Amino acid sequence: MSSRRGSIGGINMKQPGPEKLIKEKKIDEQWWADWERKGGWRPEGWKIIEMNDGPTLNDLKPERFLIVHRPHGSVFHHSYGKVSKFFMGLLEGKLYGTKCPKCGLVYCPPRAHCFNPKCRLQETTWIELPKKGEVFSYTVMAIAWPSMAHLQPLVGAMVRIDGTNTCLPMTMRDIDPEKVNIGLKVNIHIEKQPKGDLLDVYATPAEEPKPPKRTPEELKRFREDMEKTRAWVRKTFGPK
């Protein structure tokens, strides 16, 4: 494969050559073309609602409003660049990180160059990582983006993979949100049909959880919030 040459300040420099396709999973281009022809942003439905409205809370009166359902979507084509190996690894069911040959820091998510100021952006090398780690921090989410709404209540965790110096964000499964604790040992999994995205990665407990201490009032409020969320999921998506 030939490469192009350019000149900067009289110095000849190699330029990236033409792309060579190695492997691809394409989107359904015909489906997307048909959808585009229908007209993105064109309303596909509507509803009229009535609610109180006014300049102040003391001056409210019923008023009607029209709400339109306007679907819109975009297809983005972007490169993972120097950290592509991490995402290609997910497609193969493997977990990769990068290691600085100077200071020894191990990054996951990976960094193409070390962020230790003493290393002066030293280029890192790739290493395969174990699928084990521990919860460094976490949050229990009672709201999620549409593609994961059916999984609520959702535990989002920052997991430090064994042998690394950074944390990888992922969701947790097979655990009651009430029982998650910082320091919990976890096993890391990759979806059976990965898409080459960070959401391919999730964790499950590798040991018996040690629930954090909560006051009776905190526990009562937490459980009420979780039950409201589960009730909404059952109503919206049906029983699991």
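The numbers here are math on the coordinates, done by the rules we state, and not lab data. Here the structure is a predicted model, which means the values were calculated and not measured. No Cβ is skipped: glycine too gets one built from the backbone with ideal geometry, and neighbour counts run over all protein chains shown.
Tabulated data for the structure shown
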quantity	calculated
Protection proxy ranking of 44-51, 98-105, 120-127, 72-79 - average other beta-carbon atoms within 10 Å, highest first	98-105, 120-127, 44-51, 72-79
When the stretch 79-129 is reduced to its Cα atoms, the Kirkwood hydrodynamic radius in Å	10.9 Å
Inter-label distance for R120 and I67, nm, one decimal - labels placed 7 Å from Cα along Cα-to-Cβ	6.0 nm
Per-residue HN-Hα couplings for the stretch 198-211 [Karplus 6.51, -1.76, 1.60; θ = phi - 60°; Hz; x = Gly/Pro]	4, 6, 5, 9, 8, 10, 10, x, 10, 8, 6, x, 10, x
Surrounding net charge for F222, when Lys and Arg each add one and Asp and Glu each subtract one, Cβ distance under 13 Å	+1
Inter-label distance, nm, simple model (7 Å from Cα along the C-beta direction), K210/E19	5.0 nm
Pairwise FRET efficiency - W31 versus S147, Cβ, R0 = 22 Å, nearest 0.05	0.80
Other-chain or far-sequence residues with amide H under 5 Å of N187's (modelled H)	T204, A206
With eigenvalues of the C-alpha gyration tensor scaled by 5 and rooted, the chain, Å	41, 32, 19
Reduced Cα scattering model of the stretch 130-240, Debye log10 I(q)/I(0), q = 0.13, 0.17 Å⁻¹	-0.52, -0.86
Projected label distance in nm at E92 and H113, using a 7 Å step from Cα toward the beta-carbon	2.7 nm
12 Å beta-carbon shell around I190, net charge (K/R +1, D/E -1)	0
